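The numbers here are math on the coordinates, done by the rules we state, and not lab data. What you see is a predicted model, and the numbers here were worked out from it, not measured in a lab. Glycine also receives a Cβ, built like all others from the backbone with ideal geometry; neighbour counts cover every protein chain displayed.
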């Protein structure tokens, strides 16, 4: 009987360590593009969409697409309907580096800063440094972008690739 509890406790500890070391992943669908909710506009194999963008300019580079998608993603956290512990007042995208590309999309690394709407309530998850003026700087995320024709979808963001 005790052995069964020890095994269960060990499994729980291993799961906790796994979640702790893999980083924070965002799965909340936040988007300023309302057409994302239409089934016909979704890519064939997307689980969660964080932002979407239609690009008709063939000369638009992946870093420009990534910048616009991430701006839309962060703008979703400015919604007054969000709880104070997640809401931001402003943001700055400092850099974007496209890391991997394939026929289905690409991955990028973004460094950015956010200004929480209510500093005392905001929960700092992942990474970053809190400055005296309230800004949280040097936040980094890896983000996945999926392409379906002229549509680009931000499908995953997190502290690790």
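By other beta-carbon atoms within 10 Å, ranking 132, 67, 117 with the fewest at the front produces 132, 67, 117. Among 91-101, 139-149, the peptide with the highest mean count of other Cβ atoms within 10 Å heads the list, and the full ranking is 139-149, 91-101.
For the stretch 107-161 and the stretch 60-76, what is the separation of their Cα centres, given in Å? Between the Cα centres of the stretch 107-161 and the stretch 60-76 lies a distance of 12 Å.
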